[in-house]
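Asks: Structure provided below as structure tokens; questions to follow.
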Amino acid sequence: MSKKHRTPWLDDEGDAPLVHEYAEKLSGFMSAMADGKIEKHELEAQEARVVALMKKIEPELAPELHEEVTRLLCELTAYNIMHTIHGLLEAAPKTKFRG
């Protein structure tokens, strides 16, 4: 039996998550981002994909691993929110309007 390919979670140095790079390759994500705004139906479709994967994977996890994966998902969500906000703030104009 051959071993399935495992998509690495971290870069070659093991210091940085590769999640954003993988997300940029998801067709649903790219389609939603194409016009620069997220419509309600696009968010609902993404949520449905997440729920489907959770329903598929959660029952397969041993209790100890379930707790670790739950923590990973929570930490990853926090990281993604922080990463997004940081990116938005970095892209914001650095000067203040003086009218």
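Every number here is computed from the coordinates shown, using simple stated rules; none is lab data. Only a predicted model underlies this, so the values are computations on that prediction, with no experimental measurement involved. Because the Cβ atoms are built from the backbone with ideal geometry, glycine has one as well, and the counts that use them run over all protein chains shown.
Asks: On the basis of being in a helix (DSSP H, G or I), β-branched (Val, Ile, Thr) and surrounded by 11 or more Cβ atoms within 10 Å (Cβ to Cβ), does THR77 make the cut?
Replies: no
Asks: Mind counting the residues in the range 12-38 that are of a type in the set (Asp, Glu) and either assigned to a helix (DSSP H, G or I) or farther than 22 Å from HIS83 by Cβ (or both)?
Replies: Of the residues in the range 12-38, 1 are of a type in the set (Asp, Glu) and either assigned to a helix (DSSP H, G or I) or farther than 22 Å from HIS83 by Cβ (or both).
Asks: Within the range 44-57, is there a residue that is under 23 Å from LEU88 (Cβ atoms) and assigned to a loop (DSSP other than H, G, I, E, B)?
Replies: Within the range 44-57, not a single residue is under 23 Å from LEU88 (Cβ atoms) and assigned to a loop (DSSP other than H, G, I, E, B).
Asks: How many residues are surrounded by fewer than 10 Cβ atoms within 10 Å (Cβ to Cβ) and either of a type in the set (Val, Ile, Thr) or over 20 Å from LEU72 (Cα atoms) (or both) if we restrict to the range 13-27? Spell out how you get there, then give the answer.
Replies: First pass over the range 13-27, keeping only residues surrounded by fewer than 10 Cβ atoms within 10 Å (Cβ to Cβ): 13-15, 25, 27.
Going one step further and asking which of them are either of a type in the set (Val, Ile, Thr) or over 20 Å from LEU72 (Cα atoms) (or both), we end up with 25, 27.
The qualifying residues number 2.
Asks: Which condition number in (1) exposed (fewer than 12 other Cβ atoms within 10 Å of the Cβ); (2) of a type in the set (Asp, Glu); (3) within 17 Å of the chain's Cα centre (by Cα) is the one that GLU42 fails?
Replies: (1)
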